[in-house]
Amino acid sequence: MKKVLISTLAAASLIAVAGCSTTERRAGTGAAVGAGTGALVAAATGSSGRGVATGALIGGAAGALIGAATSPGDCRYRDANGNIYVAACPSNY
């Protein structure tokens, strides 16, 4: 039970810093929160050490992808030649 409480507190502290602005920081924070949450869920369901590690790995990967995909203020555009680029979104977006 002590391990679950420590994991919960760690995940809560990571969630508190999840408001970063750059894509890399959001991906890193998402990975940390996802890994903590994955490990917490695996530990709470009674998994062994290997199950907890697997939960952390899967959660970290998912968190990094979600964190990077939700970067605020960036829009993807396609020019006349079909090239995709990222730039700041219009202010009324």
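Values quoted throughout were computed directly from the atomic coordinates according to the rules given, and no laboratory measurement underlies them. What you see is a predicted model; the values in this text were computed from it and never measured. Glycine also receives a Cβ, built like all others from the backbone with ideal geometry; neighbour counts cover every protein chain displayed.
Quick notes
- Packing here is the average count of other Cβ atoms within 10 Å per residue, and on that basis the peptides 76-84, 26-34, 53-61, highest first, run 26-34, 53-61, 76-84.
- Residue-span extension gain [residue 48 to residue 80] - 0.36 nm each, minus C-alpha spacing: 6.1 nm
- Anisotropy class of the range 29-79 from Cα gyration tensor, a/c 1.5 cut: prolate
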